[in-house]
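Here the structure comes first, spelled out in structure tokens, and everything after it is commentary.
The values are calculated or read from the model by the stated rules, or taken from the named source; none is laboratory data. Small disclaimer: the values here were computed from a predicted structure and weren't measured. Positions of Cβ are generated from backbone atoms using ideal geometry, with glycine treated the same way; all protein chains shown enter the neighbour counts. Note: areas computed on protein heavy atoms with side chains; ligands, DNA, RNA excluded. Shrake-Rupley method; radii C 1.70, N 1.55, O 1.52, S 1.80 Å.
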Amino acid sequence: MPFAPNFPVMLRTEDGVRIDAAHTPSARTDLGIVVAHGFTGSWRERPARRIVHVLSGYAGVIAFDFRGHGRSGGETTVGDLEVLDVEAAVRHARVVGYEKIAVVGFSMGAAVAVRHAGLRGGVDAVAAVSGPARWHYRGTKPMRQVHWVIEQPFGRWAARVAKRTRIARGPWDPIPMPPYEAAALISPTPLLIVHGDADTFFPLEHAHQLYAGAREPKELWVEPGYGHAEAAATPALITRIGKWISSNFL
């Protein structure tokens, strides 16, 4: 089955970074969904396009590449200034004409979605999928590898060559508010936390910490056998997320 047609657009953030994005319209014209990918991902990759295709059955979709990823400008700060990228996508969704807007984020994108909703607001629902609750987690082998890529010159070079991901050098200064603290600021906006019990990057404790930090209304879905982020997300799971978003705006 072919993917739903999309219309490429170029956004610009408050700090002047060009953001590569695409708009996929839907039969429902009052509700828009912003999709935020994980670290080294892109809206142009097949897993993300599959997710957009399913979600477009419930709302119009704005998908984009974070700064430092794909055809977007700048360098990734791995969860800090990316809040401005989500804000640019949300602003475009308003310009297009969507009255209600939800943000769905995966992994790094989940952390950014939570931080954006808590710190900037202006959205009507948030779904955080496979997201970390706190920074600098190294408790799994995949996350130790991610930190090596971010911190080592050869790792940053490899990410640029293999994944078209440009990573900013140096540590955060100051350290941004972690997602579990930002989650407390989202209410009364509905928050959905989705996490797999087979996630090899972030164990379930991250989902529970996010959920504990948030205020009502909130939901936690622990998905049996689900791995990590976009690559492991089944059409059935994305369909349930689409229904959850749609049900908040009936």
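Only one of Ala232, Ala198 is in contact with a His (Cβ under 9 Å, 6 or more places away or on another chain) and farther than 23 Å from Pro178 by Cβ. Can you tell me which?
After ruling out the rest, the residue left standing is Ala198.
Restricting to the stretch 122-158, count the residues that are under 24 Å from Gly213 (Cβ atoms) and hydrophobic (A, V, I, L, M, F, W, C).
10
Residue by residue, here is whether (1) in contact with an Asp or Glu (Cβ under 6 Å, 6 or more places away or on another chain); (2) over 26 Å from Thr239 (Cβ atoms); (3) surrounded by 23 or more Cβ atoms within 10 Å (Cβ to Cβ) holds:
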position: Arg49; (1), (2), (3): no, no, no
position: His53; (1), (2), (3): no, no, no
position: Phe66; (1), (2), (3): yes, no, yes
position: Ala93; (1), (2), (3): no, no, yes
position: Val96; (1), (2), (3): no, no, no
position: Ala110; (1), (2), (3): no, no, yes
position: Ala125; (1), (2), (3): no, no, yes
position: Ala128; (1), (2), (3): no, no, yes
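Being open to solvent by less than 50 Å² (accessible area, probe 1.4 Å) and under 19 Å from Ala117 (Cβ atoms): is that true of Val9 here?
No, not satisfied.
Scanning for something at pLDDT 95 or above, over 27 Å from Ala233 (Cα atoms) and open to solvent by less than 60 Å² (accessible area, probe 1.4 Å), does the stretch 157-171 turn up at least one residue?
yes
Please enumerate the residues belonging to the stretch 221-238 that are under 17 Å from the mean Cα position of the chain (by Cα), β-branched (Val, Ile, Thr) and either modelled with pLDDT under 95 or farther than 15 Å from Val103 by Cβ (or both).
Thr234
What residue, of Glu99, Glu75, is in contact (Cβ under 8 Å) with a residue 12 or more places away in the chain and more than 22 Å from Thr189 (Cβ to Cβ)?
After ruling out the rest, the residue left standing is Glu75.
Quick check, is Val149 in contact with a strand residue (DSSP E or B) (Cβ under 8 Å, 6 or more places away or on another chain), open to solvent by 10 Å² or more (accessible area, probe 1.4 Å) and not hydroxyl-bearing (Ser, Thr, Tyr)?
Yes.
Here is a yes/no grid of residues against (1) among the aliphatic types (A, V, I, L, M); (2) touching a Pro at 6+ places or on another chain (Cβ under 6 Å); (3) in contact (Cβ under 8 Å) with a residue 60 or more places away in the chain:
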| site | (1), (2), (3) |
| --- | --- |
| Thr29 | no, no, yes |
| Val34 | yes, no, yes |
| Ser56 | no, no, no |
| Glu82 | no, no, no |
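Suppose we filter Gly60, Gly105 for residues that are open to solvent by less than 30 Å² (accessible area, probe 1.4 Å), out of contact with any Asp or Glu (no Cβ under 7 Å at 6 or more places or on another chain), free of Cβ contacts under 8 Å to residues at least 40 places away in the same chain and of a type in the set (Gly, Ala, Ser); which single one remains?
The match here is Gly60.
Out of curiosity, is Pro190 over 16 Å from Ala113 (Cα atoms) and open to solvent by 20 Å² or more (accessible area, probe 1.4 Å)?
no
Among the residues of the stretch 200-218, is there at least one that is open to solvent by less than 80 Å² (accessible area, probe 1.4 Å), of a type in the set (Asp, Glu) and in contact (Cβ under 8 Å) with a residue 24 or more places away in the chain?
There is no residue in the stretch 200-218 that is open to solvent by less than 80 Å² (accessible area, probe 1.4 Å), of a type in the set (Asp, Glu) and in contact (Cβ under 8 Å) with a residue 24 or more places away in the chain.
Any idea how many residues of the stretch 220-230 are closer than 16 Å to Ala133 by Cβ and either out of contact with any Lys or Arg (no Cβ under 9 Å at 6 or more places or on another chain) or of a type in the set (D, E, K, R) (or both)?
So the count comes out to 4.
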